[in-house]
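The values are calculated or read from the model by the stated rules, or taken from the named source; none is laboratory data. What you see is a predicted model, and the numbers here were worked out from it, not measured in a lab. All Cβ positions, glycine included, derive from the backbone under ideal geometry; neighbour counts span all protein chains shown. All accessible areas refer to the heavy atoms of the entire protein, side chains included, with ligands and DNA or RNA removed. Shrake-Rupley method; radii C 1.70, N 1.55, O 1.52, S 1.80 Å.
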Amino acid sequence: MKLVGTVVASSVYFGTSWWLLTTVHDICNPSKLPEGSPWTCPYDDVFYNASIIWGVVGPLRMFGSRGLYPKMNYFFLVGILAPFPIWVLSRMFPEKKWIKLINMPIILSGAGGLPPARAVNYICWLAVGIFFNFVVYRKFKGWWARHNYILSAGLDAGVAFMAILCYFTLQIRDINGMRWWGLDLDDHCPLASCPTAPGIQADGCPVFH
């Protein structure tokens with residue numbers, strides 16, 4: 001069954017990708033797409049940038065002694081030490097049961113989805129997670145134990161079905177939904193795309209020396 005599922009999924013994925021690449025004009029090119037277009041390919045953009053950083057430029061020229069961001073390596077030390085304050089606070093205040101629920105590795109690794117994800121994604125994840133894994137878990141533990149994983153699968157399937165439904169009913173007619181700052185493509189910082197290498201000049205950007 002896994003082999004059949006893999007073959008079907010990969011075939012459908014490849015066919016859909018090929019169809020979109022040949023039918024959507026300027027796909028994956030946000031500068032040429034109309035405002036509000038969903039075809040910006042954020043995950044592909046992040047994957048491409050990562051391949052440039054690790055494959056073409058190399059970690060030595062990014063995070064090593066010859067790079068611009070060697071201080072980023074200190075965050076490895078931050079990640080190692082981050083759980084210890086929580087452990088100390090849990091020992092100092094044993095009556096505060098909620099302190100033990102703070103999981104720094106999950107918090108830090110959860111931010112790894114931020115490059116392609118938007119603020120709206122994290123708000124929805126946080127709201128659903130707190131409601132079902134805190135409120136429902138405490139008040140209806142039996143229901144939670146029986147249906148929580150089924151609910152998780154149902155939410156994932158619902159997102160997939162709604163994506164298909166929204167495309168064939170709205171997006172195919174260039175109706176891309178409401179507009180608000182949480183869905184914007186940029187990070188609301190006009191200098192975010194400016195070069196940081198010394199001596200590089202770009203329109204509207206400061207020059208670093």
Completion exercise
In whole angstrom, largest first, the equivalent ellipsoid semi-axes that the Cα gyration tensor gives for segment 32-171 are 33, 31, 11
Handout entry: Mean Kyte hydropathy of -1.0 or more with a Cα span along the axis of at least 27 Å, helices from DSSP in the chain
Key = 2-23, 141-169
Practice task
Apply 1/(1 + (r/R0)^6) to the Cβ-Cβ distance of residue 84 and residue 140, taking R0 = 45 Å, and write down the FRET efficiency to the nearest 0.05.
Solution key: 0.80
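Of the heavy-atom accessible surface of the chain (probe 1.4 angstrom), what whole percent is carbon and sulfur?
70 percent
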Exercise for the section: Give me the lysines in straight-line cross-link reach of residue 100: C-alpha distance below 27 Å, same-chain residues under 8 apart excluded. Expected result: 139, 141
Fill in the blank from the handout: The alpha-carbon pair-distance distribution computed for segment 10-109, with 10 angstrom bins and whole-percent values, is 12, 22, 21, 23, 17, 5, 0
Problem - Contour excess over end-to-end distance, with Cα ends at residue 97 and residue 39 and 0.36 nm allotted per residue - result: 16.4 nm
Problem - Anisotropy class of segment 1-65 from Cα gyration tensor, a/c 1.5 cut - result: oblate
Exercise for the section: For an R0 of 45 angstrom, estimate the FRET efficiency from the Cβ-Cβ distance between residue 172 and residue 3 and round to the nearest 0.05. Expected result: 0.85
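I need to check one value: relative contact order of segment 27-116, counting alpha carbon pairs closer than 8 Å and at least 6 residues apart, in percent.
19 percent.
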Handout entry: Gyration tensor verdict on segment 30-77 (Cα atoms; rounded if a/c is under 1.5, prolate if a/b is larger than b/c, oblate otherwise)
Key = prolate
Completion exercise
accessible surface per residue for segment 83-166, probe 1.4 Å, DNA/RNA/ligands not counted, whole Å² -> 80 Å²
Handout entry: Cysteines not pairable in the chain (beta carbon separation under 4.7 Å absent)
Key = 124, 166, 189
Completion exercise
Per the rule of 0.36 nm per residue minus the C-alpha distance, extending residue 155 to residue 124 adds in nm 10.0 nm
